[in-house]
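Asks: There's a structure below that I have some questions on.
Any read-out appearing in this document is the output of simple, stated calculations on the displayed coordinates, not a laboratory observation. Being a predicted model, the structure only gives us computed values, none of them experimental. All Cβ positions, glycine included, derive from the backbone under ideal geometry; neighbour counts span all protein chains shown.
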Amino acid sequence: MITRSDILMQGKRRLQELAISDTPYLDALVLMSHSLNMRKEKLLASLEQPIWEVDAIAYGKLITLRERGLPVAYIMKRKEFYGLEFYVDKRVLIPRPDTEVLVEAAIEACRSRETCKVLDLCTGSGCVGISIKHTLPDTTVTLSDISEDALAVASLNARNLLNCDLETVKSDLLDAIEGTFDIIVTNPPYLTNEECRDKTLKARSEPDLALRSGEDGFDHIRRIINTAYKTLEKKGILLIEGGYDQLEKTRELMIGKGYTNITILKDLAGHNRVVRGQRN
Ligand code: GLN
């Protein structure tokens with residue numbers, strides 16, 4: 001008799017051999033619970049049960065996708081972020097837990113105002129703007145991205161998770177954005193060309209457009225700092241996510257442009273992750 005456990009261990013070994021994942025057991029387990037349409041906990045409690053051949057084959061196909069480098073989130077077409085379950089596919093960057101600090105900071109900035117108009121720039125899956133709107137339903141949130149594909153995913157997530165449509169704008173950073181905002185929040189591309197050439201990063205199969213930002217990784221951050229100033233209301237707040245080693249320079253760029261009250265915030269792993277600045 002072949003059990004779920006036998007097939008699970010086979011899956012784990014396949015992922016281990018190719019060293020494709022840092023968490024082969026977890027990946028194998030999550031994919032099995034996905035393919036059997038069963039919660040992880042329930043699967044764990046029933047590992048010694050036999051598995052149907054047809055289920056073992058379907059599971060093997062998911063392991064093959066993972067072996068080829070496809071992230072678990074793309075295989076399952078979903079990723080949890082800020083307590084919500086977002087639909088994701090290859091059109092968008094997979095939301096990272098690191099980005100939750102950006103959401104926290106935006107929510108805090110909104111709470112200190114009576115009404116709040118927020119722009120989520122480079123929204124991708126929509127995870128940042130949608131999480132803000134979900135927590136503070138009275139805020140007005142606009143989602144923008146240069147990629148129409150990404151905006152389609154963000155709109156789908158807004159409808160599924162908020163039961164309403166959020167305004168979406170296709171725009172190359174702030175170029176096509178009209179009006180002013182109290183808060184501009186952004187997780188722009190911020191990797192260097194060199195980092196994007198890295199094979200392990202390529203294997204993640206996420207859109208280059210969402211990650212690459214020129215020779216020094218600052219192409220987008222620089223443009224955002226320069227153009228957001230006039231798109232912010234007086235005393236408006238700009239919140240930018242960046243790499244932990246980019247934030248001191250981001251702070252200087254903001255000072256150069258006239259932003260004040262600049263602070264650097266850390267993510268849950270204790271790394272510098274977000275810069276917050278204010279328009280005069
Ligand atoms: N933090 C992401 C990574 O390490 C980069 C995200 C981005 O460029 N916005 O892949």
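Asks: Could you list, in their original order, any pairs among LYS117/LYS257; LYS12/LYS40; LYS40/LYS90; LYS40/LYS79 whose Cα atoms are separated by more than 18 Å?
Replies: LYS117/LYS257; LYS40/LYS90
Asks: Can you give me the Rg/Rh ratio for the chain, using Cα atoms for both radii and the Kirkwood formula for Rh?
Replies: Here the Rg-to-Rh quotient is 1.03.
Asks: How far is the Cα center of the stretch 147-216 from the Cα center of the stretch 217-271, in Å?
Replies: Measuring centre to centre over Cα atoms gives 17 Å.
Asks: In addition: Quantify how much of the Cα-Cα distance distribution of the stretch 76-170 extends past 20 Å, in percent.
Replies: Within the stretch 76-170, distances greater than 20 Å cover 27 percent of Cα pairs.
Asks: Then there is this: Kindly provide the chymotrypsin sites (Phe, Trp or Tyr not before Pro) of the stretch 153-228 that DSSP labels as loop, not H, G, I, E or B, and whose Cβ sees at most 13 other Cβ atoms within 10 Å.
Replies: none
Asks: Which peptide among 48-58, 131-141 comes first, and what is the full order, when sorted by highest mean count of other Cβ atoms within 10 Å?
Replies: Peptide ranking by packing, descending: 131-141, 48-58.
Asks: Leaving out same-chain residues fewer than 8 places away, which aspartates and glutamates sit with a Cα under 15 Å from that of LYS61?
Replies: Counting by Cα, and skipping residues close in sequence, LYS61 has these aspartates and glutamates nearby: ASP27, GLU53.
Asks: For the stretch 33-47, just list the computed ³J(HN,Hα) in residue order, Karplus coefficients 6.51, -1.76 and 1.60, θ = phi - 60°, integers in Hz, with x standing in for Gly and Pro.
Replies: 5, 5, 6, 8, 6, 9, 5, 3, 4, 5, 4, 4, 7, 10, 5
Asks: Expressed as a fraction of 2.2 N^0.38 Å, the rule-of-thumb size for a compact globular protein of N residues, what is the C-alpha radius of gyration of the stretch 131-280?
Replies: Dividing the Cα Rg of the stretch 131-280 by 2.2 N^0.38 Å gives 1.07.
Asks: Another question about this same structure. If you bin the C-alpha pair distances of the stretch 1-149 every 5 Å from 0, what whole percents do you get?
Replies: All Cα pairs considered, the percentages come to 2, 9, 16, 16, 14, 11, 10, 9, 7, 4, 2, 0, 0.
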